[in-house]
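> A single structure is presented below for examination.
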């Protein structure tokens, strides 16, 4: 039985859009070609006649097209249900919200686990390397498909925030506003390092088989380990301490290597759960796309005198994976280029996960920002 | 050819001391028995006639008995050569410095890779679980062997700092002073979490074989991965950024999964180097000992009215693995119990590694502290 929250979208459905540029393929940033490409997506709310109320919501590493509402077989709603729905931050009574699974993903979009039409087998490591720019390029086809000339807003946290930045970099004239949260214009060496140990964990698992594991089952231990490492970086030291401290699953030390601290059990559980819904090769490709991402420098994000995209940049005080300092660098960079940008650092203790949890504060900020942008759009102003 | 630094101890030698309480074994904190036990150790300087100038230097997770000077076959000196030697912080012209490899270690002391006399094979996972208290208990036998009634000082960083605290907890009347650096009275859930993913990395490697790998070779990939994870936590975000930034090993992105960022190559290199000198099972046992460690609370560290041990507590501003906050908690706890404690937070950018690198500042602090303690010891004062 589906237990729905207040203001829920109710049952929603994932749809699929297949496209390809002639001759049936898209040229990627690496120079390689890929096609045909399918994107899994969901939409909530109604696109207005002028097509001026469309918001593209962009997911993080482990997210998917199912941002809000319920699927018939699931007890939990989509990953940003707190933010997307009637009366919520991304108010589906006013706006038409689209969320697509990224190119390279494993939740319905074309990725390394998809069938390679050339061989009839999963691409595995024959899948070409993709970048955040390629993800945005694929989404652009979806937006074209809806006949939307200019998105009211692109918004997302973490890797979703990178896409929100890349949209403004690739298509400044098609984005009225951008809300990058808990993100950066480029990964630091520490962020690359954490991604790399996750990839090494997967590739060190013999069950990975050089990526050709689809007939044999996932490299579960490697992927679970990558997820465990990730989870430590998503929580703050404080939130982890408040949640687990040194509590044991039993009364005394076991003096064995069986997980006995609650935090050990939690990480194992998160890892084991993850392998049931996520593809190991996608983990490799998507973390690599994040590591490659770099929209710093003069060339990439346009000048405010050449684009009218407004920004709301949100960071979280205890986020030690995507430091508030990285968001402030983005803000300084945009302001130095005459871009209209509002910055807010939310005093959360949740660490990087905060962008999924601090919805009260986010709702207040996003609602105000969007009504300002939508109002001026309706009036034909900047 | 050995290239020696200024003020070097020159060539030094690791020695071995085997002991056992009758009937040839030591009872561990877990209740299990172990024996006979060998400790590898080195000494530098000369023990004075009154045996009042002995300092026990205590190593961290990956350290060993070789703290200073050179071995004939090595180009690099011991792990704390910057701090131990003639005229240095632990001045071997004044003090007799002892460093022993911990119980459970793999560098000459009895540990899981040692031969179990009961079976004639390596202990592997039949080795009993050991704790920081057990490590100190084993060292106590070594100190007895030298006929030293009271150590002038016990000092170390990270796990070495835990031992420096445990010595004061177990034998307050045998320790004139203690210098715990970059350490904590107990691991937080985040510290346990990082240790646990390291252990999982080792145990997920099929080459680990439930610990029985000694006839087949190490679980190299798992152990290297654990070390890579560790290295990220030993450096600060800033020091990593200054050292690597986003520099590539070649000019352009490779669009492959071969390490291409310099930081990726560095971590691989550190991991590969580590497996040549460290035993995977020891990694499991020693991280577990650190996770179990807890000298907080009324019962464990004695009251300053019952002991005369003085403390110099040193923390490093950018250390995010052992937070300065954890050292301040230790200091507050000691002060609340009338213990003579000096606290210094060094403004280093090196992260947790700082205790091995900030030797100028450490030397100034330690020299001053030791001369005060040694002076009062010589005068028979507190």
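> Please state which of the following conditions residue A:109 fails to meet, knowing it meets all the rest: (1) closer than 28 Å to residue A:368 by Cα; (2) buried (at least 21 other Cβ atoms within 10 Å of the Cβ).
(1)
> Could you check segment B:114-134 and list, in sequence order, the residues that are under 27 Å from residue B:165 (Cβ atoms) and out of contact with any helix residue (DSSP H, G or I) (no Cβ under 6 Å at 6 or more places or on another chain)?
Result: B:114, B:127, B:128, B:129, B:134.
> If only one of A:338, A:333, A:311 is at pLDDT 95 or above and assigned by TED's automatic domain parsing to the domain that holds residue A:154, which one is it?
Checking each option against the conditions leaves just A:311.
> Among the residues in segment B:15-26, are any assigned to a loop (DSSP other than H, G, I, E, B), at pLDDT 95 or above and surrounded by fewer than 21 Cβ atoms within 10 Å (Cβ to Cβ)?
So far as segment B:15-26 goes, no, none of its residues is assigned to a loop (DSSP other than H, G, I, E, B), at pLDDT 95 or above and surrounded by fewer than 21 Cβ atoms within 10 Å (Cβ to Cβ).
> Taking into account only those residues within segment B:30-60 that are assigned to a strand (DSSP E or B) and closer than 23 Å to residue B:357 by Cβ, which is nearest to the other protein chains (Cβ to nearest Cβ)?
B:58
> Taking segment B:225-239 as the search range and keeping residues that are in contact (Cβ under 8 Å) with a residue 40 or more places away in the chain and farther than 19 Å from residue B:288 by Cα, which one is nearest to the other protein chains (Cβ to nearest Cβ)?
Per the criteria, the residue is B:237.
> Additional query: Restricting to helices (runs of 4 or more DSSP H) lying wholly in segment A:217-304: which have 2 or more residues that are more than 20 Å from the chain's Cα centre (by Cα)?
Per the criteria, A:220-234, A:237-244, A:262-274.
> Now a separate question. Pairs please, first residue from segment A:300-328 and free of Cβ contacts under 8 Å to residues at least 40 places away in the same chain, second anywhere and part of a loop (DSSP other than H, G, I, E, B) and surrounded by fewer than 19 Cβ atoms within 10 Å (Cβ to Cβ), Cβ atoms under 6 Å, 6+ apart in sequence or on different chains.
The qualifying pairs are A:303/A:337; A:304/A:337; A:304/A:338; A:305/A:338; A:317/A:347.
> Give the residue, chosen from A:87, A:104, A:63, that is surrounded by fewer than 24 Cβ atoms within 10 Å (Cβ to Cβ) and either at pLDDT below 95 or part of a loop (DSSP other than H, G, I, E, B) (or both).
Going through A:87, A:104, A:63 in turn, the sole match is A:87.
> Here's a follow-up. Does residue B:312 count as touching a strand residue (DSSP E or B) at 6+ places or on another chain (Cβ under 8 Å), within 23 Å of residue B:59 (Cα to Cα) and either facing chain A (nearest Cβ under 10 Å) or not in a helix (DSSP H, G or I) (or both)?
Yes.
> Any residue in segment B:116-128 that is over 12 Å from residue B:282 (Cα atoms) sitting within a Cβ distance under 8 Å of a residue that is at pLDDT 95 or above and assigned to a helix (DSSP H, G or I)? List the pairs, counting only those 6 or more apart or interchain.
So the pair list comes out as B:116/B:126; B:119/B:126.
> I'd like the full set of residues that are surrounded by fewer than 24 Cβ atoms within 10 Å (Cβ to Cβ), in contact (Cβ under 8 Å) with a residue 12 or more places away in the chain and assigned to a loop (DSSP other than H, G, I, E, B), limited to segment A:188-216.
The answer is A:188, A:212, A:213, A:214.
> Before we move on, is residue A:140 more than 19 Å from the chain's Cα centre (by Cα), surrounded by fewer than 24 Cβ atoms within 10 Å (Cβ to Cβ), assigned by TED's automatic domain parsing to the domain that holds residue A:29 and in contact (Cβ under 8 Å) with a residue 24 or more places away in the chain?
No.
> Now a separate question. Determine if segment A:112-130 includes at least one residue that is assigned to a loop (DSSP other than H, G, I, E, B) and closer than 29 Å to residue A:50 by Cα.
No, segment A:112-130 has no match at all.
> Which condition number in (1) in contact with a strand residue (DSSP E or B) (Cβ under 8 Å, 6 or more places away or on another chain); (2) away from chain A (no Cβ under 14 Å); (3) in contact (Cβ under 8 Å) with a residue 60 or more places away in the chain is the one that residue B:185 fails?
Every listed condition holds for residue B:185 apart from (2).
> Say whether the condition of being surrounded by 21 or more Cβ atoms within 10 Å (Cβ to Cβ), under 23 Å from residue B:193 (Cα atoms) and not assigned by TED's automatic domain parsing to the domain that holds residue B:319 is met by at least one residue in segment B:240-252.
yes
> Give the residue, chosen from A:160, A:149, A:222, A:210, that is out of contact with any strand residue (DSSP E or B) (no Cβ under 8 Å at 6 or more places or on another chain), more than 14 Å from every other protein chain (Cβ to nearest Cβ) and at pLDDT 95 or above.
Unique residue meeting the criteria: A:149.
> Of the conditions (1) in a strand (DSSP E or B); (2) farther than 23 Å from residue A:175 by Cα, residue A:78 fails just one. Which one is it?
Checking residue A:78 against (1) in a strand (DSSP E or B); (2) farther than 23 Å from residue A:175 by Cα, the one that fails is (1).
> Take residue A:37 and decide whether it is surrounded by 19 or more Cβ atoms within 10 Å (Cβ to Cβ), touching a helix residue (DSSP H, G or I) at 6+ places or on another chain (Cβ under 9 Å), over 29 Å from residue A:124 (Cβ atoms) and at pLDDT 95 or above.
No; evaluated as a whole, the condition is false for this residue.
> So residue A:31 passes all but one of these: (1) loosely packed, with under 15 Cβ neighbours inside 10 Å; (2) in contact with a strand residue (DSSP E or B) (Cβ under 9 Å, 6 or more places away or on another chain); (3) modelled with pLDDT of 95 or more. Which condition number does it fail?
Evaluating residue A:31 over (1) loosely packed, with under 15 Cβ neighbours inside 10 Å; (2) in contact with a strand residue (DSSP E or B) (Cβ under 9 Å, 6 or more places away or on another chain); (3) modelled with pLDDT of 95 or more leaves (2) as the failure.
> Quick one: residue B:132 ticks every box in (1) within 14 Å of another protein chain (Cβ to nearest Cβ); (2) free of Cβ contacts under 8 Å to residues at least 60 places away in the same chain; (3) surrounded by 24 or more Cβ atoms within 10 Å (Cβ to Cβ) except a single one, so which number is it?
(2)
> What residue, of A:294, A:251, is within 9 Å of chain B (Cβ to nearest Cβ) and either under 30 Å from residue B:29 (Cβ atoms) or touching a strand residue (DSSP E or B) at 6+ places or on another chain (Cβ under 9 Å) (or both)?
A:294
> For residue B:72, only one of the following conditions fails: (1) in a loop (DSSP other than H, G, I, E, B); (2) assigned by TED's automatic domain parsing to the domain that holds residue B:321; (3) surrounded by 14 or more Cβ atoms within 10 Å (Cβ to Cβ). What is its number?
(3)
> Can you tell me which residue among B:261, B:293 is within 29 Å of residue B:366 (Cα to Cα) and either outside the structural domain of residue B:108 (by TED's automatic domain parsing) or at pLDDT 95 or above (or both)?
Result of the check over B:261, B:293: B:293.
> With A:335, A:328 as the choices, which residue is closer than 14 Å to residue A:309 by Cα and in contact with a strand residue (DSSP E or B) (Cβ under 9 Å, 6 or more places away or on another chain)?
A:335
The values are calculated or read from the model by the stated rules, or taken from the named source; none is laboratory data. Model, not experiment: these values are computed from the prediction. All Cβ positions, glycine included, derive from the backbone under ideal geometry; neighbour counts span all protein chains shown.
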